[in-house]
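Heads up: the structure comes next, in structure tokens.
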Amino acid sequence: MPPRGTARTGPGSPGGVDVAGLRARAAATLLRNRRGSTTVPTGALYPHQWSWDSAFIAVGLAHVDPGRAFAELAALHEAQWRDGRVPQIVFNPAVPEDAYFPGPASWRPLPPHGPAPGVSTTGLVQPPVHAAAVLAVAERHPGAATDAALRHLYPRLARSHDYLFERRRVASGLVAVVHPWETGLDNSPAWDEPLRAAGAGPVEAVPGLRRDLRHAEAGHRPTDQDYARYLAVVAAYRDRGYADDDLTDLPFCVVDPLFCAVLAWSEHALAGLARRVGADPGRHVERAGELAHQVHARLFDPALGCYAALDARTGRTVPRRTVAGLVPLLLPDLPAGRRSALLATLTGPAFGLGSPGVRGVPSYDLTAPDADPRRYWRGPTWMNTNWLLWTALRDHGEADLARRLAADAVDLVAGAGFREYFHPLTGEGLGADDFSWTAALLLDVLAHGPEEPRW
């Protein structure tokens, strides 16, 4: 791999990076992954529409085609369930059942409170980045077309948040997830202990079912044991009709600091959208404040220097230092000392932002004995969580750290391409290639110009 900052250079390119070339290739990646009104994460490995991917993709499409950005999220919400949930995956009926596992058949039967007839989805959700994405596009492109898009999307976004606040609350007042896939950080070490307690199906059946290993190295992906546990948790939720009564009776029920922080942050964005469409923003502001208060009161772990997940079934904190525990930096009005604690953890040996030899912010504590910088969410650097932290740093006036994180993002892509994730120490590209949210979020980083990042 070329040294940092020297790949794909062009005459006069600041920092030795061909920024115009990166922008063009990012836009081409999004076009290549387009499937009608939606965009797949990448062609072979993920051939359907994913929920939070589409939100991040819309952020990037705002710099290419804002109409497509709104269409992306409108298409996702066409698959919204009657109970308000926005599904983790919307399956493309033109894609063969065996192209992705677990495919549509694994999630049936869908219940009466599911999607419209003929629409095939999973029964899970993902972190609700959507309102924040819609607001970002709207702020960049005011006008009549945007106003019409907001009038269409706002009530759907509000219903999706209502579902989470009303159906996914646990005794603490926090919002829970019922599968690791709902966190987006699928096989994070934070889920190891709750998953072990959940049990597993037969591991022997898993290797013949997996399609991901056709397109990515086994050492980059979750293990067969991980998949056996995932499938057991899916079956338990499916077999009760995806009902959200008595959440802690499910085999997996966890409060994730990233999910809760993103929900509170997006609730603030929803308040901004409400003002634009003439709705009352008050309930959104109130809910955002209440949830943020619970996050700060119940999930911060002083020993870790960041927020930690909570196993809602046992009431015990999961003492793992992951990138999810840094994402509450997105929230405004942090309690005294929290900002400095998070910044110290972010720049310390666990995550190393600004340290020589560390590329971006890894997904897991680099000093942990079980860190694996090449395996999915157990150590690599991901563009989407780095973008959330970059956004948080800018919002909190941490311009130098934001610049460093943006520079790392550009250098990783310049050196390795639009990969799914990256080795945090070598910069090696890992997982799938031509990954949509990597391209989309790089477009957003680049769009903020020389006054913020170094280009």
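For T381, are the conditions met, namely being touching a strand residue (DSSP E or B) at 6+ places or on another chain (Cβ under 7 Å) and either crowded, with 23+ Cβ neighbours inside 10 Å or within 20 Å of A439 (Cα to Cα) (or both)?
On the way: touching a strand residue (DSSP E or B) at 6+ places or on another chain (Cβ under 7 Å): yes; either crowded, with 23+ Cβ neighbours inside 10 Å or within 20 Å of A439 (Cα to Cα) (or both): yes.
Spelling it out, T381 is indeed touching a strand residue (DSSP E or B) at 6+ places or on another chain (Cβ under 7 Å) and either crowded, with 23+ Cβ neighbours inside 10 Å or within 20 Å of A439 (Cα to Cα) (or both).
When only residues in region 171-192 that are within 15 Å of A308 (Cβ to Cβ) and out of contact with any Asp or Glu (no Cβ under 7 Å at 6 or more places or on another chain) count, which is surrounded by the most Cβ atoms within 10 Å (Cβ to Cβ)?
Pass one, region 171-192, residues within 15 Å of A308 (Cβ to Cβ): 172, 174, 176-177, 183, 185, 188-192.
Right, trim to out of contact with any Asp or Glu (no Cβ under 7 Å at 6 or more places or on another chain) and you get 172, 174, 176, 185, 188, 190-192.
On the way: S172: 15, L174: 22, A176: 27, L185: 27, S188: 24, A190: 27, W191: 30, D192: 17.
Ranking the qualifying residues of region 171-192, first place goes to W191.
Could you please give the count of residues in region 301-335 that are without any contact (Cβ under 8 Å) to a residue 40 or more places away in the chain and either in contact with a Cys (Cβ under 9 Å, 6 or more places away or on another chain) or part of a helix (DSSP H, G or I) (or both)?
Final tally of qualifying residues: 0.
Condition check ((1) touching a strand residue (DSSP E or B) at 6+ places or on another chain (Cβ under 8 Å); (2) modelled with pLDDT under 95; (3) over 26 Å from D147 (Cβ atoms); (4) crowded, with 20+ Cβ neighbours inside 10 Å) across all residues:
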site	(1), (2), (3), (4)
L258	no, no, yes, yes
V262	no, no, no, yes
V277	no, no, no, no
D280	no, no, no, no
A292	no, no, yes, yes
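Is there any pair linking a residue in region 116-127 that is over 16 Å from Y163 (Cβ atoms) to one that is hydrophobic (A, V, I, L, M, F, W, C), with Cβ under 7 Å and at least six apart or on different chains, and which?
From residues that are over 16 Å from Y163 (Cβ atoms), the pairs are V119/A79; S120/F91.
Scan region 48-67 residue by residue and report those that are assigned to a helix (DSSP H, G or I) and buried (at least 19 other Cβ atoms within 10 Å of the Cβ). Break it down into steps so the answer makes sense when it comes.
Taking region 48-67 and keeping what is assigned to a helix (DSSP H, G or I), we get 51-61, 66-67.
Once the filter is applied, which keeps residues that are assigned to a helix (DSSP H, G or I) and buried (at least 19 other Cβ atoms within 10 Å of the Cβ), region 48-67 yields S51, W52, D53, S54, A55, F56, I57, A58, V59, G60, L61, P66.
Among all residue pairs at least 6 apart or on different chains, which show Cβ distances below 9 Å where the first residue, located in region 32-49, is over 15 Å from L73 (Cβ atoms) and the second is among the aliphatic types (A, V, I, L, M) and in a strand (DSSP E or B)?
Y46/I89; H48/I89; H48/V90
Quick one: which residue in A235, A216, A197 is part of a loop (DSSP other than H, G, I, E, B) and at pLDDT below 95? Before you say what the answer is, go through the steps one by one.
On the way: A235 fails: part of a loop (DSSP other than H, G, I, E, B); A197 fails: part of a loop (DSSP other than H, G, I, E, B).
None of the other options fit; the residue is A216.
Restricting the search to region 362-378, which residues are surrounded by 24 or more Cβ atoms within 10 Å (Cβ to Cβ) and touching a His at 6+ places or on another chain (Cβ under 8 Å)?
Matches in region 362-378: Y376 only.
Which of the residues spanning region 238-274 are of a type in the set (V, I, T) and assigned to a helix (DSSP H, G or I)? Give the derivation first.
Residues of region 238-274 of a type in the set (V, I, T): 248, 254-255, 262.
Correct list: T248, V262.
Being surrounded by 18 or more Cβ atoms within 10 Å (Cβ to Cβ), closer than 22 Å to D280 by Cα and not polar (S, T, N, Q): is that true of R168 here? Quick ask: steps written out before the conclusion?
Details: surrounded by 18 or more Cβ atoms within 10 Å (Cβ to Cβ): yes; closer than 22 Å to D280 by Cα: no; not polar (S, T, N, Q): yes.
For R168, the condition - surrounded by 18 or more Cβ atoms within 10 Å (Cβ to Cβ), closer than 22 Å to D280 by Cα and not polar (S, T, N, Q) - is not met.
Just checking, does region 435-448 include any residue being surrounded by fewer than 23 Cβ atoms within 10 Å (Cβ to Cβ), in contact with a Lys or Arg (Cβ under 9 Å, 6 or more places away or on another chain) and at positive phi?
No; the residues of region 435-448 include none that is surrounded by fewer than 23 Cβ atoms within 10 Å (Cβ to Cβ), in contact with a Lys or Arg (Cβ under 9 Å, 6 or more places away or on another chain) and at positive phi.
Looking at S160, is it touching a helix residue (DSSP H, G or I) at 6+ places or on another chain (Cβ under 8 Å), closer than 25 Å to E78 by Cα and surrounded by 20 or more Cβ atoms within 10 Å (Cβ to Cβ)?
Here the answer is yes, as S160 does meet what is asked.
Select from region 129-176 the residues that are outside any helix (DSSP H, G or I), under 25 Å from L441 (Cβ atoms) and out of contact with any Cys (no Cβ under 6 Å at 6 or more places or on another chain) and list them in ascending order. Talk me through it step by step, then tell me what you get.
Of all residues in region 129-176, those outside any helix (DSSP H, G or I) come to 129, 141-143, 168-176.
From the residues that got through so far, the ones that are under 25 Å from L441 (Cβ atoms) too are 129, 141-143, 175.
Matches in region 129-176: V129, H141, P142, G143.
Being on the phi > 0 side of the Ramachandran plot and touching a Lys or Arg at 6+ places or on another chain (Cβ under 9 Å) is the requirement here; does G114 meet it?
Numbers: on the phi > 0 side of the Ramachandran plot: no; touching a Lys or Arg at 6+ places or on another chain (Cβ under 9 Å): yes.
When the stated conditions are applied, G114 does not pass them.
For region 401-416, indicate whether the set of residues that are within 14 Å of V323 (Cβ to Cβ) and in a loop (DSSP other than H, G, I, E, B) is non-empty.
The answer is no, given that none of the residues of region 401-416 is within 14 Å of V323 (Cβ to Cβ) and in a loop (DSSP other than H, G, I, E, B).
Looking only at residues that are part of a helix (DSSP H, G or I) and not β-branched (V, I, T) in region 390-400, which one is surrounded by the most Cβ atoms within 10 Å (Cβ to Cβ)?
Keep residues of region 390-400 that are part of a helix (DSSP H, G or I), which gives 390-395, 399-400.
Within this subset, residues satisfying the condition of being not β-branched (V, I, T) are 390, 392-395, 399-400.
Details: W390: 28, A392: 26, L393: 23, R394: 17, D395: 14, A399: 13, D400: 10.
Here the residue is W390.
If I ask for residues that are in a helix (DSSP H, G or I) and farther than 17 Å from S54 by Cα, which ones from region 71-117 would you list?
The first filter runs over region 71-117 and keeps only residues in a helix (DSSP H, G or I), leaving 71-77, 97-99, 104-107.
Selection gives E97, D98, A99, P104, A105, S106, W107.
Taking P104 and the conditions (1) farther than 24 Å from A439 by Cα; (2) touching a Lys or Arg at 6+ places or on another chain (Cβ under 8 Å), which numbered condition does it fall short on, given that it satisfies the others?
Unmet condition: (2).
Exactly one of (1) modelled with pLDDT under 95; (2) surrounded by fewer than 21 Cβ atoms within 10 Å (Cβ to Cβ); (3) under 20 Å from the mean Cα position of the chain (by Cα); (4) not polar (S, T, N, Q) is unmet by P356. Its number?
Just one mismatch for P356, condition (3).
The values are calculated or read from the model by the stated rules, or taken from the named source; none is laboratory data. Just so it is clear, the structure is predicted and the values come from calculations on it, not from any experiment. Positions of Cβ are generated from backbone atoms using ideal geometry, with glycine treated the same way; all protein chains shown enter the neighbour counts.
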